[in-house]
Amino acid sequence: MLLIVLLAVAAVVVFESLRLGVNLWQARNLAADSRPFERRLPEAARRLLVVGDSTAVGTGAGSPQDSVAGRLAARFPGLAVVNMARDGARMVDVVDQLEAAPRRPYDAVLIQAGGNDILGFTPLPRLRGDALKAMERADPGGLRGDDEHRRRG
């Protein structure tokens, strides 16, 4: 009886390992094919900056227009969308994305991140600190690139 139980457990482990491998392969393909939604409008009425991980890129959405950024743009036709998000990004990467964003005033900053930190077991104090840095850097005055923010940061 013990042999049957061990064989059953081994079969389940093999099956779940194969399933995990297939899921990872599919996720890699989704990430390779995903493109963040952007809409550049030089004379835009409003500007939105999107930063974060695959949720901000829209990985897994049917098209970039089906992502959160794409849906916001559809709802607000005069909205320019700059999307700096990258698949696999962690909260610490969001600060770099904000630093790399074009220097201009934004009316809103959408941060979609944290899932990779959870999956990667980022220690909670570090995640909290990275999130606070990102929120501070997302200050619209800082995104304008003014010197006052640089003196504070």
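The values are calculated or read from the model by the stated rules, or taken from the named source; none is laboratory data. Since we're looking at a predicted model, the values are computed, not measured. Methodologically, a virtual Cβ is constructed for each residue, glycine included, from the backbone with ideal geometry; neighbour enumeration extends over all protein chains shown.
Quick check on my filter: what residues within segment 70-90 are under 18 Å from Thr55 (Cα atoms) and touching a Leu at 6+ places or on another chain (Cβ under 6 Å)? Across segment 70-90, the qualifying residues are Ala73, Val81, Val82. The set of residues in segment 50-59 that are within 17 Å of Gly78 (Cβ to Cβ) and either outside the structural domain of Gly115 (by TED's automatic domain parsing) or part of a loop (DSSP other than H, G, I, E, B) (or both) is empty. Pairing each residue of segment 110-122 that is in a helix (DSSP H, G or I) with any residue that is surrounded by 11 or more Cβ atoms within 10 Å (Cβ to Cβ) and of a type in the set (A, V, I, L, M), provided the two are 6+ apart or on different chains, yields C-beta distances under 7 Å for Asn116/Ala89; Asp117/Met91; Asp117/Leu127.
Taking the residues in segment 32-45 that are surrounded by 15 or more Cβ atoms within 10 Å (Cβ to Cβ) and not acidic (Asp, Glu) as candidates, determine which candidate is farthest from Asp87 (Cα to Cα). Ranking the qualifying residues of segment 32-45, first place goes to Ala44.
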